[in-house]
There are 2 protein chains.
Amino acid sequence: MKPSNTIVRVYRGNITESIHRVHLALVNAQGALLHGAGDPQFLTFARSTAKLIQALPVIESGAADRFGLGDAEIALCCASHNGEAEHVNAARSILGKLGFDRGHLQCGAHEPYHAPTAQAMRERGETPTTLHNNCSGKHSGMLALCAHLGASPDTYMRLQHPVQQLMLEAVSAMSDIPKSQMELGIDGCGVPVFGMPIPNLALAFARLGSPEGLPAARANACQRIVAAVRKYPQFLAGHDRFDTHLIKVTQGRIVGKMGAEGIFALAVPEQGLGFVLKVEDGNQRALYPAVIEALKQLNLLSAPEVSELAAFHTPTVHNWQGTEVGIIRPDFQL
Amino acid sequence: MKPSNTIVRVYRGNITESIHRVHLALVNAQGALLHGAGDPQFLTFARSTAKLIQALPVIESGAADRFGLGDAEIALCCASHNGEAEHVNAARSILGKLGFDRGHLQCGAHEPYHAPTAQAMRERGETPTTLHNNCSGKHSGMLALCAHLGASPDTYMRLQHPVQQLMLEAVSAMSDIPKSQMELGIDGCGVPVFGMPIPNLALAFARLGSPEGLPAARANACQRIVAAVRKYPQFLAGHDRFDTHLIKVTQGRIVGKMGAEGIFALAVPEQGLGFVLKVEDGNQRALYPAVIEALKQLNLLSAPEVSELAAFHTPTVHNWQGTEVGIIRPDFQL
């Protein structure tokens with residue numbers, strides 16, 4: 001284990017109660033490591049950050065055009081969404097265009113991430129469906145690709161299925177990790193996930209934002225994805241979510257996505273940069289504080305932007321009664 | 001930040017996705033550090049591990065005898081319980097003996113930790129009460145002390161209240177941290193929590209289990225607390241909980257308690273030992289794997305006991321669909 005001084009402190013009262021260590025890598029679209037901290041070669045899974053890359057085959061294949069997917073629907077394909085009404089409706093809309101319904105989604109069901117939506121559903125006695133699963137957009141996009149290819153929708157989650165092989169190809173090419181060397185696991189929603197050193201994931205995001213060197217069809221798909229999430233950031237996550245706020249606050253200058261187990265990947269398209277930060281222990285509570293602090297120190301966020309994101313930068317900690325008992329603060333110098 | 005090689009790995013597929021670092025200290029009842037790993041002087045809050053120590057004044061004061069608290073009720077005073085029916089009933093019983101009811105508890109309400117109990121309540125349309133709060137036993141014990149002292153039950157959570165001053169005195173004396181040097185914060189349930197280096201908390205547990213050198217009234221209270229949780233381990237936590245299983249599997253040879261933010265403290269009374277382990281980042285999922293692994297390597301758990309605790313030692317990780325996608329494994333040598 002390498003030591004890491006890139007930390008986020010969780011304070012209770014006057015002392016640090018717990019500490020999160022983070023690893024980060026900033027690269028350009030040629031893959032040069034411009035800045036690293038912690039263990040900048042940390043190997044882990046991209047988890048849901050890969051969704052923006054996994055949307056590429058949905059567009060490149062012609063599936064998105066054939067079924068008439070709009071920008072909000074494309075943004076939803078990239079989302080770990082809140083399960084709010086607009087997300088559920090957009091997922092239903094994609095499936096409807098395919099002649100499918102929520103029964104085709106194999107992502108499983110969970111309560112909406114958005115607490116007020118979940119609470120309202122409970123009060124109405126409604127049970128969450130696959131449409132509420134935060135991954136329903138990604139799975140709907142996979143089904144669009146599946147329908148376009150004429151492949152079986154029953155087995156679309158399997159690695160051997162043509163849909164997943166196209167996902168693997170896209171992630172491999174964008175991250176410069178040969179398919180044979182890609183680490184594979186199973187995601188929270190059942191589909192394959194991709195493991196790689198964090199600079200490679202950062203490279204994929206640098207290329208997503210600055211695809212000039214890529215083949216034309218891929219470059220076009222990259223631009224369409226970035227444009228879609230810039231236009232509809234609320235479809236990438238939702239109310240009170242950092243991913244959505246980051247795009248809004250920077251007016252689209254930065255486009256980024258969280259993933260489970262404390263990972264964040266982003267592109268700064270006009271600067272040709274890709275950036276990944278991983279909380280070593282996987283805890284989400286340290287993720288946004290660390291990302292904002294790093295972007296601030298790398299001069300990628302302005303002071304007013306950091307102020308607008310203060311609730312994500314140094315969130316307060318509350319107890320069962322709602323009393324403020326502590327605060328989370330990044331504590332590192334890059 | 002000191003480096004730490006005392007880690008727990010969270011695997012997904014074939015690779016480590018996230019890593020938890022742990023700090024630990026083993027001491028004897030004289031406070032000598034017999035074994036340390038990670039940062040063995042790590043400063044943090046005792047959180048709910050202190051509940052066994054905080055039960056001391058309830059007994060020493062005569063409150064427990066005056067109100068006729070039984071051993072199950074004393075064990076509940078030490079608990080972060082599951083909110084199962086027997087826990088709720090025991091808390092109600094304590095309050096009834098004081099002439100109080102659940103309205104006197106200021107701990108707030110949350111759903112029972114025990115998922116089937118919480119699910120059954122939701123299905124019956126029942127709202128959790130203060131009795132279901134995992135700390136309702138501790139708070140009921142505090143109210144018993146309060147009633148015995150003739151102090152106001154309205155303000156029993158405040159640091160200046162005689163009840164909290166007796167808590168502070170007991171934790172201070174048992175841990176050898178002068179009251180003026182005790183770090184103080186507010187717990188999840190609203191009462192003061194106590195911050196100290198982990199060897200001091202381990203010392204408090206060594207003394208709890210081996211109180212021969214303490215004043216007679218305190219030694220007697222220590223023995224009564226240890227006897228109570230040995231007799232009623234299910235009242236210390238509940239079904240499917242490690243604290244309860246550890247006592248059962250070792251037939252009371254080890255008595256330990258978890259606390260929020262990934263801390264565990266235990267006594268091995270017949271060997272005069274106290275032990276504390278803290279997950280640096282506060283994540284509970286690494287706590288029991290690390291505690292069991294450390295106890296195994298310190299020859300404090302036998303191989304058959306470790307086998308009986310396997311589900312806590314190397315728990316599997318499942319996704320939304322219930323598919324096994326990974327495993328948590330300690331990876332260190334003391």
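The values are calculated or read from the model by the stated rules, or taken from the named source; none is laboratory data. This one's a predicted model, so the numbers in the text were calculated from it and none came from an experiment. Cβ: placed from backbone, ideal geometry, glycine included. Neighbour counts: every protein chain shown. Side chains are part of the model used for accessible areas, which takes the heavy atoms of the whole protein and leaves out ligands, DNA and RNA. Shrake-Rupley method; radii C 1.70, N 1.55, O 1.52, S 1.80 Å.
Using amide H atoms built in the peptide plane, which far-off residues or other-chain residues are under 5 Å from B:Gly238 H to H?
B:Thr244
Can you give me the Cα centroid spacing of region A:198-212 and region A:91-150 in angstrom?
Computed from Cα coordinates, the inter-centre distance equals 29 Å.
Give me the percent relative contact order of region B:133-223, please, defined on Cα pairs under 8 angstrom at least 6 residues apart.
Contact order relative to length: 19 percent.
Please compute one quarter of the surface area of the Cα convex hull for region A:28-78 and express it in square nanometres.
For region A:28-78, the mean projected area of the Cα convex hull comes to 5.0 nm².
Can you pull the accessible area of B:Tyr11 for me, 1.4 Å probe, Å² to the nearest 10?
Solvent-accessible area, nearest 10 Å²: 60 Å².
Let me check something: with ligands and nucleic acids excluded, how do A:Lys296, A:Lys231, A:Lys138 order by accessible area (1.4 Å probe), largest to smallest?
Solvent-accessible surface, decreasing: A:Lys231, A:Lys296, A:Lys138.
Using a label point 7 angstrom from Cα along Cα-to-C-beta, what distances in nm, from shortest up, separate B:Glu123 from the other copies?
So the label point of B:Glu123 gives 2.5 nm to the other copies.
In nm, one decimal, shortest first: how far is the label point of B:Glu212 (7 Å from Cα along Cα to beta carbon) from the matching points in the other copies?
7.9
Over chain B, what per residue volume does the convex hull of the Cα atoms give, in whole Å³?
Value for chain B: 126 Å³ per residue.
Sorted by mean Cβ packing within 10 Å, highest first, what order do the peptides B:247-253, B:55-61, B:321-327 take?
B:55-61, B:247-253, B:321-327
At R0 = 35 Å, how high is the FRET efficiency between B:Leu34 and B:Ser180 if r is their beta carbon distance? Nearest 0.05 is fine.
0.80
Take every residue in peptide B:13-24, count the Cβ atoms of other chains within 10 Å of its Cβ, and give the average of those counts.
So the per-residue partner count for this stretch is 6.
Give, as a single signed number, the net charge of other residues whose beta carbon lies under 12 Å from the beta carbon of A:Tyr113, with Lys and Arg counted +1 and Asp and Glu -1.
Taking every Cβ under 12 Å from that of A:Tyr113, the sum is -3.
Tell me which DSSP H helices of chain A clear both cut-offs, 18 Å or more of axial length from alpha-carbon atoms and a mean Kyte-Doolittle hydropathy of at least -1.0.
Within chain A the helices that satisfy the rule are A:85-98, A:136-149, A:162-175, A:216-231.
If the label for A:Asn89 sits 7 angstrom from Cα along the Cα-to-Cβ line, what are its distances to the same label in every other copy, in nm to one decimal, shortest first?
Ordered by increasing distance: 5.1 nm.
For A:Gln251 and B:Leu159, FRET efficiency with R0 = 56 Å and r from the beta-carbon atoms, rounded to 0.05?
Efficiency computed from Cβ-Cβ geometry: 0.75.
Sort A:Met167, A:Met157 by heavy-atom solvent-accessible area, probe 1.4 angstrom, most to least.
From most exposed to least exposed: A:Met157, A:Met167.
Alpha carbon centre of region B:57-76 versus region B:33-48: separation in Å?
The two parts, judged by their Cα centres, are 30 Å apart.
Given R₀ = 25 Å, what would the calculated FRET efficiency be for B:Ile327 paired with B:Thr127, taking r from the Cβ atoms and rounding to 0.05?
For B:Ile327 and B:Thr127, the calculated efficiency is 0.10.
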